[in-house]
Each structure stands twice: as structure tokens, then as C-alpha cells.
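Derivation of every value follows stated rules applied to the coordinates shown; laboratory data play no part. Computed from a predicted structure; not experimentally measured. All Cβ positions, glycine included, derive from the backbone under ideal geometry; neighbour counts span all protein chains shown.
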Amino acid sequence: MSFIAGPVTVRTPASSANLGPGFDALGLALSLYDDVTAEVLSSGLEIDVVGEGSDGVPKDETHLIVRAMYAAFDLLGERPSGLRLSCINAIPHGRGLGSSAAAIVAGITLANALVDGDGLDGAAAFQLAADLEGHPDNVAAAMFGGLTIAWLEGEAAQVERLDSAVEVTVFIPSEAVSTEKARGLLPETVSHADASANAGRAALLVRALTGAPHLLLAATEDRLHQSYRASAMSDSYDLMSSLRADGIAATISGAGPTVLAFARGLGDRLPEGWALHELDVDLEGAHVVVT
Ligand SMILES: Nc1ncnc2c1ncn2[C@@H]1O[C@H](COP(=O)(O)OP(=O)(O)O)[C@@H](O)[C@H]1O
Ligand SMILES: N[C@@H](CCOP(=O)(O)O)C(=O)O
């Protein structure tokens, strides 16, 4: 196997998973991006990070993008002799906006782009991303863009992708909550009543997000995860609840603590010290940037 020298740049969107009732299934790609450039070196590993996570992520082979690149190269049969990575990050870490999914998808997409010949096909790339992330919802949206419905057939990750044109505002707290911690707050079992309530709302949500926005408030009701996680993100839970009480469809984004609202013009609801972005749905997903 041989490699092209590069440099190659990949742009990957943020994503909001769950969207209320679609726990571990629904994902929405958002117009906030990380750009990662990679080139092959004769030896060594050089990593430069600007923006989000620049003072926190490791700059060695444990860097998440490098781990994803190596996992893809290993499936393809060979790693390059050396690598240089340059990351320009806009997706905040540990906020429920899919930064880890974006890093994994960027790494796999870069590895494919650096191979001189056939890389992993779409299904294999998605499976690897879902395996590395541990759940398929964010990686589906980051990889394919739009609104994604992901599920598992046994161990095999599957995805159906739809276009969506909803407008979104995200409210991002200054403090992170790791996805691992937020998943640890979930109960082992839930009641049949809660499960069936979520199934109905998740089905409705797919309709609401594809041309029936008047259904969004009802369709974003959740009973499976948000309330269990409230203790780790009480300000977020309160903001979501107050927006919903005012008729604005709002959810905890991913595992939190970001709050996502399907509306614009909400600057007056921004808590002090939080950041706000008004975003669109990204319809492209991760892609090589052609310069
Ligand atoms: N661009 C990146 N480069 C390297 N590591 C990253 C990147 N994005 C995320 N990570 C890793 O993933 C962690 C955040 O993942 P997670 O807790 O799942 O939160 P999020 O909701 O942002 O995905 C970071 O602390 C970091 O270790
Ligand atoms: N379904 C997952 C989604 C996690 O998304 P992230 O953006 O917080 O990584 C969950 O709710 O745990």
C-alpha cells in the first residue's frame, strides 16, 4: 500500500444527538466546524491545535484524531511512516455537540484521503466510527450530514439520512460534562410507559424535522435521559424547561450540557458566561476541502 504526501484538509460538522426522545438514534449535523489538515512525514508525529481543546488534548498518539486514523490505517493494512496534523477547532469539547464524534470521523476521512488507492467504503468507515465512539448517533450525523437515524443490527451500525432545514440556537455553558459521566447517570431499566411515550415522540420528531415545524414542541418531549442527567447540569435543565414552558422546542444537546432550541432570536435568554450560536443544518457531512 502507498500513501499520498498531502497536505489534505477535512472539514467536519458538529452534531446534536438525541434531540429529545431519539436517544442514541437521532443526530443532526450543525454548521459549526473543525478543520483538520494532515500530511505524511518520513517519520514522527507532529500535532498542532488551535481553538477548542488546544490546551487540553494530548499531542501524541493518544490524540483522538490520531487514534481514529491509526484504526483506519490498521484496517487497510499499513500505517504511514509519520504524520503531521494541524487542527483548527470550533466545536467545544464535552458540551454535547459531538466533538469526539467529529474528531473520530475526521480521522477516518483523513486516513481514507491519504491512501493512494481504495480506502474504507462508506459502511466500513461508519462501522469503525460507531465502534470507536461507542454509540452511532453523532458519528452518523458528522459523517453524512443532515438528519440521521442510526440503529444497530446486532453489532452492525446502520444509518438512514434525511434532509432537514430547521433553524437552531445552541446555548453552551462554560463548564464541560463528559459524555461518559452523563451516560453513567442513566438507569439500567425504564418503565414500559416511558419507553412507549418516547417511541411515539421520536417517530413524530422525524416528521417534525422534515417539514412540520409546528410539531416540534410535542415531538421533543423526552422521558429516557434528560431528567436523569439533570443533577449534572441543573442550569441547563432549568433553561430547557423554561424555554419549553414558553412554547419553544428545546432539548439537552447530546449528553449535555448545551441546550438546543429550534428557534432564533433568543439572545435575551442567554445565561451570563454562556456562549450562543445560531446554526443551520449541515447537509454535507465530513468532506475533503478542495482548495
Ligand atoms: N478535535 C479533537 N481532538 C482531540 N480530541 C478530541 C477532539 N474532540 C474531542 N476530543 C476528545 O473527546 C473529549 C470530549 O468527548 P465527549 O465527552 O464525548 O464530549 P462531546 O460531547 O464534546 O463529544 C475531549 O475531552 C477530548 O478528549
Ligand atoms: N446518545 C448519546 C449522545 C452523546 O452525544 P455527545 O455530543 O454528548 O457526545 C448520549 O446521550 O449519551
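For this structure, a couple of remarks:
- Rotationally averaged projected area of the range 26-130 (alpha carbon convex hull; nm²): 6.7
- Going by neighbour counts of Cβ atoms within 10 Å, the residues MET233, MET240 line up, fewest first, as MET233, MET240.
- Under Karplus coefficients 6.51, -1.76 and 1.60, residue-wise ³J(HN,Hα) of the range 211-227 in Hz, glycine/proline x: x, 9, x, 5, 8, 4, 5, 5, 6, 9, 5, 10, 10, 9, 9, 4, 5
- Seen from a random direction on average, the alpha-carbon convex hull of the range 107-173 projects onto 6.1 square nanometres.
- Rg ratio for the range 143-291: its Cα radius of gyration over 2.2 N^0.38 Å, N being its residue count, equals 1.09.
- In order along the range 274-291, phi translates into HN-Hα couplings of 8, 9, 10, 10, 9, 10, 10, 6, 7, 9, 9, x, 4, 7, 6, 7, 8, 9 Hz, rounded to whole numbers, per the Karplus curve 6.51 cos²θ - 1.76 cosθ + 1.60 with θ = phi - 60° and x for Gly and Pro.
- Gap separating the Cα centres of the range 43-108 and the range 256-271, nearest whole Å: 29
- Stokes-Einstein diffusion for the chain at 25 °C, viscosity 0.890 mPa s, with a Kirkwood radius from C-alpha pairs, works out to 128 µm²/s.
- Between the range 131-157 and the range 188-244, the alpha-carbon centres lie 20 Å apart.
- Treating r as the C-beta distance of ALA199 and GLU153 and R0 as 25 Å, the FRET efficiency rounds to 0.85.
- Within the range 173-215: backbone nitrogen closer than 17 Å to the SER227 label point (7 Å, Cα to C-beta): 185-202
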